[in-house]
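Visitor: Sharing a structure, written as structure tokens. Questions coming.
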Amino acid sequence: MSTKRDDKSWQKDFLNMKSHSLSDAKLLMGGIKGLKDAWRLGVLHVEYERLKKLQEQQQ
């Protein structure tokens, strides 16, 4: 996975994996605006990695 700050491929993939709250969807599409957003995006990324791993195991 790329480490570029503007790489949003995981966010787009995660949006299609499950339903999200409106605030989480805005964060995934729009990016961070402060410390709270950065913390939440980190939490979402961990959840994405967990779901991705489960999907790969099921295949």
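The values are calculated or read from the model by the stated rules, or taken from the named source; none is laboratory data. As the structure is a computational prediction, the values presented were derived from the model and not from experiment. Quick reminder, even Gly has a Cβ in these numbers, built from the backbone with ideal geometry, and neighbours come from all protein chains shown. What goes into the accessible areas is simple: the full protein's heavy atoms, side chains included, and nothing from ligands, DNA or RNA. Shrake-Rupley method; radii C 1.70, N 1.55, O 1.52, S 1.80 Å.
Visitor: Name the pairs: first residue in segment 45-59 and over 18 Å from residue 11 (Cβ atoms), second residue open to solvent by less than 60 Å² (accessible area, probe 1.4 Å), Cβ to Cβ under 7 Å, at least 6 apart or on different chains?
Guide: Nothing qualifies.
Visitor: Got at least one residue in segment 16-27 being at pLDDT below 95, outside any helix (DSSP H, G or I) and among the basic types (Lys, Arg)?
Guide: Yes; the residues of segment 16-27 include at least one that is at pLDDT below 95, outside any helix (DSSP H, G or I) and among the basic types (Lys, Arg).
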